[in-house]
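Have a look at the structure that comes next, please.
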Amino acid sequence: MAQLRIDIDLCTGCGVCVPSCPLGALSLNDGVAVASEACNDCAACISVCPVEALSIPIEHRLQESKLTDYRDVWVFCEVEEGKIVHVTPELLGKGRELADTLGCRLCTVLLGHEVENLASQLFHYGADCVYLVEDERLSPYRTVPYMEAFVSLVKKYKPEIILIGATICGRDLAGAVATRLETGLTADCTELRIADDGKSLLQTRPAFGGNIMAQILCEKHRPQMATVRPKVMEMPELDASRSGEMVRESLVLGDARILTEVLEYIKDELESVNLVDADIIVSGGRGLGKPENFSVVRELAKVLGGVVGSSRAAVDAGWIPYPHQVGQTGKTVRPKLYIACGISGAIQHLAGMRTSDVIIAINKDPEAPIFKVATYGIVGDVLQVVPKLTERLKRL
Ligand SMILES: Cc1cc2nc3c(=O)[nH]c(=O)nc-3n(C[C@H](O)[C@H](O)[C@H](O)COP(=O)(O)OP(=O)(O)OC[C@H]3O[C@@H](n4cnc5c(N)ncnc54)[C@H](O)[C@@H]3O)c2cc1C
């Protein structure tokens, strides 16, 4: 229950607080402010009240005084078909860096059924400790049992930072856990580091359509939570000599709380394009002119043993389905070779591919922004250059 106090003797009914509430929980009744059940004590209204009629008793203020109780960096280990999902070691690499800066441990949360055998890999990728919860109800993934298991670990061991992969399951879990813990969550971070104060997590992510990079701090709540897309962070080196501590916990949850049952998995055929793990991607954009011209991109990809990507403009035009889209609202990729054919290099496209090892851009406009990030640039007509390149590679 919310603890916001409204002193009706002080309140003048000026209404300044009403629009300040992000939840629309404040209104005026009989000339004084009243808060509905939607109030979550966020305190946004307190500072705007000109007569100091609003307050939250000291014992209920957000956990500021307890921030120091939280310690360690945690990474959620995502498991799919018995294997650790690629984003997990990527996050362990970044988590290691953060933990070393803070001088704390890097821990992993491993949830599932018969998954203990995976723990050694987590140590090899840098974890000092694995919190293991095994239970039949944790396989396959469902929100409620995962959230309950995760939240009870957080309440018991109090991590300072939690990193979760921005995958379908990770996004679902992160939102549920953050809501339950009443803490902040920054989605799709592209950069994470410890701020200059030496303790807060500085979370960077694109905002306003990718036009600015927002830097976000979670100042008053713990843990600080962030999701990161696959391939955004670098894969760390594996050190098979490392090991660590294993902490076993159990899932305490009545079956009646679990409202969903997984009946069947049906693979989405469109999602069979594995852009994220591809070493070579050949992408086409609006510069191809029409959908049929995607054939030149497909041919080149085939000769190179790569997969076909695209810009959003090509997807929006209906030339190629969405699973091929690279960029801020598509996939983030980090191949060894990325060939951009007739793609201008808008910031939202670059957000998804700029960390590729080698970028080759083919564009008829020498001023196209894609050339700024390209390792090699070919100024020319994509419909002439790409078939010639394909032909040459075939001969090689
Ligand atoms: C919120 C938001 C999210 C977005 N997310 C994404 C995203 O995830 N991915 C993404 O790609 N975009 C995204 N966009 C769209 C992005 O801003 C660009 O509009 C888009 O990337 C442009 O695609 P394009 O480069 O194919 O087309 P254009 O910008 O139209 O560029 C076409 C290029 O082809 C060149 N060209 C034309 N003809 C030829 C030819 N014959 N030979 C060689 N070159 C030729 C032109 O010189 C030009 O540089 C997003 C936008 C917003 C607002």
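How much length would be gained if the chain were fully extended between Lys364 and Glu391, taking 0.36 nm per residue of separation minus their Cα-Cα distance, in nm to one decimal?
Residue separation times 0.36 nm, minus the Cα-Cα distance, leaves 7.7 nm.
Using Cα-Cα distances under 8 Å and only pairs 6 or more residues apart, what relative contact order does region 66-257 have, in percent?
Relative contact order for region 66-257 comes out at 29 percent.
From the Cα gyration tensor of region 283-340, with a ≥ b ≥ c the square roots of its eigenvalues, which class applies: rounded if a/c is under 1.5, or else prolate if a/b is larger than b/c, or else oblate?
Note, shape of region 283-340 comes out oblate.
Hey, with R₀ at 41 Å, roughly what FRET efficiency would Ala317 and Val379 work out to, going by the Cβ-Cβ distance, to 0.05?
Taking R0 as 41 Å, the efficiency between Ala317 and Val379 is 0.95.
Right, next: Please give the Cα centre distance for region 163-181 versus region 15-36, rounded to the nearest Å.
31 Å
List the relative contact order of the chain as a percent without decimals, with contacts defined as Cα pairs under 8 Å and 6+ residues apart.
That works out to 11 percent.
Need the full-extension length gain, Lys302 to Lys155, defined as separation in residues times 0.36 nm minus the C-alpha distance. One decimal, nm.
47.8 nm
Report relative contact order for region 272-395 in percent, whole number only (criteria: Cα-Cα under 8 Å, sequence separation at least 6).
Once normalised by length, the contact order is 25 percent.
May I pose another question? Dividing the convex hull volume of the Cα atoms of the chain by its residue count, what figure in Å³ per residue is obtained?
Taking only Cα atoms, the chain has a hull volume of 194 Å³ per residue.
Could I ask something else about it? Listing Glu148, Glu261, Glu299 from the residue with the fewest other Cβ atoms within 10 Å to the one with the most, what is the order?
Glu261, Glu299, Glu148
Then there is this: Applying a 10 Å radius around every beta-carbon, put 254-260, 339-345 in order of their mean neighbour count, most first.
339-345, 254-260
Suppose the chain between Asn117 and Met246 were pulled fully straight at 0.36 nm per residue; how much longer would it get relative to their current alpha carbon spacing?
Between Asn117 and Met246, full extension yields an extra 45.3 nm.
None of the figures in this text is laboratory data; all of them are computed from the coordinates on show. Predicted model only: the values in this text are computed from it and were never measured. Neighbour counts are summed over all protein chains in view; Cβ atoms, including those assigned to glycine, are modelled from backbone coordinates with ideal geometry.
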